[in-house]
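Heads up, the thing below is written out as structure tokens.
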Amino acid sequence: MTITVLAILETDFKPEKALAKVMNDRLQKAARDLQTTHLKSLSGRGFSSEDLVIYISYNPKYKIRYRIVNDVPADIEYFVAETCGRLGYMLWRSSFVEIPEKDDDRYRF
């Protein structure tokens, strides 16, 4: 299994430049540690054909949040949730807006 953790540095808040540098450095270190240390045991589980991609970022209250961005088995999702929970990371919930198909009659006005 290939594990990729990406730090999303563009956030919803606009801190001062000095604070932003410190916070972004902290986020990049957290991404590197999550990938190389905390999720390392997933590499040896025999899921070589699958990938795991996780985004981490800050929420508006400066708490680290995470989101798995690709489809993975439920046991992998559970392991990531448990690991991130132990680290104090929150699940990154996003609002999903359905974009209707062009020919969908339900959305004709």
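The values are calculated or read from the model by the stated rules, or taken from the named source; none is laboratory data. For clarity, every value in this text was computed on a predicted model and none was experimentally measured. Reconstructed Cβ throughout: ideal geometry from the backbone, glycine too, with neighbour counts over all protein chains shown. Protein only, heavy atoms only, side chains kept; ligands, DNA and RNA dropped before computing areas. Shrake-Rupley method; radii C 1.70, N 1.55, O 1.52, S 1.80 Å.
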If we keep only residues of the range 83-93 that are open to solvent by less than 80 Å² (accessible area, probe 1.4 Å) and either part of a loop (DSSP other than H, G, I, E, B) or out of contact with any strand residue (DSSP E or B) (no Cβ under 6 Å at 6 or more places or on another chain) (or both), then the residue nearest to Ser41 (Cα to Cα) is Thr83
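Yes/no matrix, rows are residues, columns are (1) modelled with pLDDT of 75 or more; (2) within 25 Å of Asp71 (Cβ to Cβ); (3) in contact with a helix residue (DSSP H, G or I) (Cβ under 6 Å, 6 or more places away or on another chain); (4) loosely packed, with under 14 Cβ neighbours inside 10 Å:
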| residue | (1), (2), (3), (4) |
| --- | --- |
| Leu19 | yes, no, no, yes |
| Lys29 | yes, no, no, yes |
| Asp33 | yes, yes, no, yes |
| Leu52 | yes, yes, no, no |
| Asn59 | yes, yes, no, no |
Do we find that Thr37 is of a type in the set (Val, Ile, Thr), surrounded by fewer than 11 Cβ atoms within 10 Å (Cβ to Cβ) and modelled with pLDDT of 90 or more in this structure?
yes
